[in-house]
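Peer 1: Sharing a structure with you now.
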Amino acid sequence: MTAVTASAPRPRWYYGWNIVAVGIIAQIAAMALTMNCFSLFLGSWAHEFNAPLSEFELAVTVLSFVCVPTAMVTGVIAGRYPAKWVFGLSLAAVALIHVAIGFTTAAWQIVAIYVTVLPIAMTVASTVTAQVVVQRWFVRRVGLAMGLTAFGLAAAGIFFPPIIVKLLPQFGWREIWWLYSAVIGLVILPIVVLVVRDRPTAEEGRDYMGGSPAAAGHHGKIDIMKAASRPNFWLIVAVFMPLQCSYMTLLINAGPLAVKYGFPPATAGLLIPLLAGSDMASKLIAGFASDRFGNRIPLATVALLAVGAVVSVALAGHNMPLLAVGYIMIGLAGGGWTLLPSATAAEFSGDDFSSAYGLISGLAATCSLAPLLVVRNEELGGSFTPGLLGLAALGLAGAARGLFLKEKRRAAPAAG
């Protein structure tokens with residue numbers, strides 16, 4: 001009998017890209033209707049339940065704050081338990097929540113769902129878990145992998161709103177939520193559970209792991225308090241938080257800004273797709289930049305893009321092209337959501353990453369307060385400009401702090 005060849009041929013397709021794909025569709029399942037298309041249902045809800053729009057918008061703000069501890073806990077859960085169970089149970093909960101929203105008969109019921117069970121299910125099923133699993137599969141091209149994974153945040157904002165706008169008059173909002181619950185439960189959930197795996201085999205990871213992921217950062221178990229004691233942790237936070245505050249402010253206040261500057265409310269329907277489209281492109285570009293240059297300079301770059309965005313919008317007035325440029329720039333700054341996990345993975349080893357990234361994501365959720373503060377300042381003072389320029393000042397300070405980030409080199413890919 002002839003001896004078996006010692007080295008098996010390498011697969012043409014790395015399975016880690018399948019993990020990236022399921023991370024994308026899990027995020028779309030969790031956030032497409034609940035967040036990306038939320039504003040499209042407000043008119044129907046306000047009319048049917050005879051409730052003010054602010055009642056529903058407040059629910060999203062409260063949801064964001066509930067996501068703070070949830071994201072921290074999710075990082076620990078995703079690092080400790082099998083991804084099949086984490087994704088499977090959370091996506092099942094998301095599907096049931098869509099069914100429940102379809103059966104609501106009063107505004108307070110939608111608000112209750114948004115501030116209690118939805119933050120938990122949505123957070124566990126989306127970004128934190130997806131990035132925790134993906135970073136186990138990549139050392140080489142980790143930036144690209146995380147950039148593609150972050151597509152889930154932007155993709156639903158581009159593709160779903162036009163679909164929902166067409167379906168609403170034909171089916172009604174309840175039927176849309178029920179239909180999407182069926183898509184999640186019968187299509188997306190089985191695909192994710194069947195495809196996702198926690199880690200590559202030694203042979204699979206030869207080209208894309210190129211050494212232990214732990215080589216990229218410190219070794220040993222870490223908890224949330226130890227993660228917070230690292231200087232690099234707070235440098236990452238210092239860059240990302242002002243960026244996210246600016247991003248949320250321009251996204252949530254697109255309509256009020258358009259009206260304030262003398263444009264029709266429908267102008268927001270142009271500004272938001274501009275933001276989402278440039279956001280999607282930036283996540284891929286940021287992934288390539290991270291792999292080639294590291295994260296320090298790209299992080300400072302997206303922070304400065306956010307500064308330029310809020311300054312452009314603050315000074316736009318009746319200048320529609322300048323307003324559009326501001327929204328394109330803030331979309332490009334969305335590449336920070338690629339660089340955030342990539343920079344965290346460069347500092348923390350595989351098992352430590354989940355705790356650290358969960359904590360940062362939880363802190364980022366507090367940025368939902370920025371839009372409320374800016375619009376409240378406008379109500380009191382009659383102008384968005386002071387609030388937006390304040391965000392610009394914070395962004396400049398964050399970009400400067402980010403230049404002090406000292407990254408360790410990732411392990412080089414194995415030869416052959």
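The values are calculated or read from the model by the stated rules, or taken from the named source; none is laboratory data. Here the structure is a predicted model, which is why all the values come from computation and not from measurement. Every residue, glycine among them, receives a Cβ derived from its backbone with ideal geometry; neighbour counts consider all protein chains shown.
Here is a yes/no grid of residues against (1) at pLDDT 95 or above; (2) outside the structural domain of LEU305 (by TED's automatic domain parsing); (3) surrounded by 22 or more Cβ atoms within 10 Å (Cβ to Cβ); (4) farther than 26 Å from VAL66 by Cα:
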position: GLY331; (1), (2), (3), (4): no, no, yes, no
position: TRP337; (1), (2), (3), (4): no, no, yes, no
position: LEU363; (1), (2), (3), (4): no, no, no, no
position: PRO371; (1), (2), (3), (4): no, no, yes, no
position: VAL374; (1), (2), (3), (4): no, no, yes, no
position: ALA399; (1), (2), (3), (4): no, no, yes, yes
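Peer 1: For ILE252, only one of the following conditions fails: (1) within 30 Å of ALA95 (Cα to Cα); (2) at pLDDT 80 or above; (3) surrounded by 19 or more Cβ atoms within 10 Å (Cβ to Cβ). What is its number?
Peer 2: The failed condition is (2).
Peer 1: What number of residues within segment 73-103 satisfy the criterion of being more than 27 Å from PHE49 (Cα to Cα) and assigned to a helix (DSSP H, G or I)?
Peer 2: Qualifying residue count, segment 73-103: 18.
Peer 1: Given the criterion in a helix (DSSP H, G or I), surrounded by fewer than 17 Cβ atoms within 10 Å (Cβ to Cβ) and either on the phi > 0 side of the Ramachandran plot or small (Gly, Ala, Ser) (or both), identify the matching residue among ALA345, ALA393.
Peer 2: So the residue among ALA345, ALA393 that is in a helix (DSSP H, G or I), surrounded by fewer than 17 Cβ atoms within 10 Å (Cβ to Cβ) and either on the phi > 0 side of the Ramachandran plot or small (Gly, Ala, Ser) (or both) is ALA393.
Peer 1: Could you list all residues from segment 261-281 that are surrounded by fewer than 18 Cβ atoms within 10 Å (Cβ to Cβ) and either at pLDDT 85 or above or part of a loop (DSSP other than H, G, I, E, B) (or both)?
Peer 2: TYR261, GLY262, PRO264, GLY277, ALA281
Peer 1: Could you look through segment 44-64, keep only residues that are of a type in the set (Gly, Ala, Ser) and surrounded by fewer than 16 Cβ atoms within 10 Å (Cβ to Cβ), and pick out the one that is nearest to THR116 (Cα to Cα)?
Peer 2: This residue is SER54.
Peer 1: Additional query: Examine segment 241-249 for a residue that is at pLDDT below 90 and within 28 Å of LEU271 (Cβ to Cβ), and state whether such a residue exists.
Peer 2: Taking every residue of segment 241-249 in turn, at least one turns out to be at pLDDT below 90 and within 28 Å of LEU271 (Cβ to Cβ).
Peer 1: Does LEU284 satisfy being assigned to a helix (DSSP H, G or I), surrounded by 19 or more Cβ atoms within 10 Å (Cβ to Cβ) and touching a residue at least 60 places away in the same chain (Cβ under 8 Å)?
Peer 2: Taking the combined requirement at face value, the residue does not satisfy it.
So that you can scan it fast, the table gives a plain yes or no per residue for (1) within 20 Å of the chain's Cα centre (by Cα); (2) of a type outside the set (Ser, Thr, Tyr):
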{"residue": "GLY79", "(1), (2)": "yes, yes"}
{"residue": "SER90", "(1), (2)": "yes, no"}
{"residue": "VAL94", "(1), (2)": "yes, yes"}
{"residue": "VAL99", "(1), (2)": "no, yes"}
{"residue": "PHE103", "(1), (2)": "no, yes"}
{"residue": "ALA106", "(1), (2)": "no, yes"}
{"residue": "LEU118", "(1), (2)": "yes, yes"}
{"residue": "ARG141", "(1), (2)": "yes, yes"}
{"residue": "ALA145", "(1), (2)": "yes, yes"}
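Peer 1: So is VAL111 part of a helix (DSSP H, G or I) and more than 29 Å from GLY43 (Cβ to Cβ) or not?
Peer 2: Taking the combined requirement at face value, the residue does not satisfy it.
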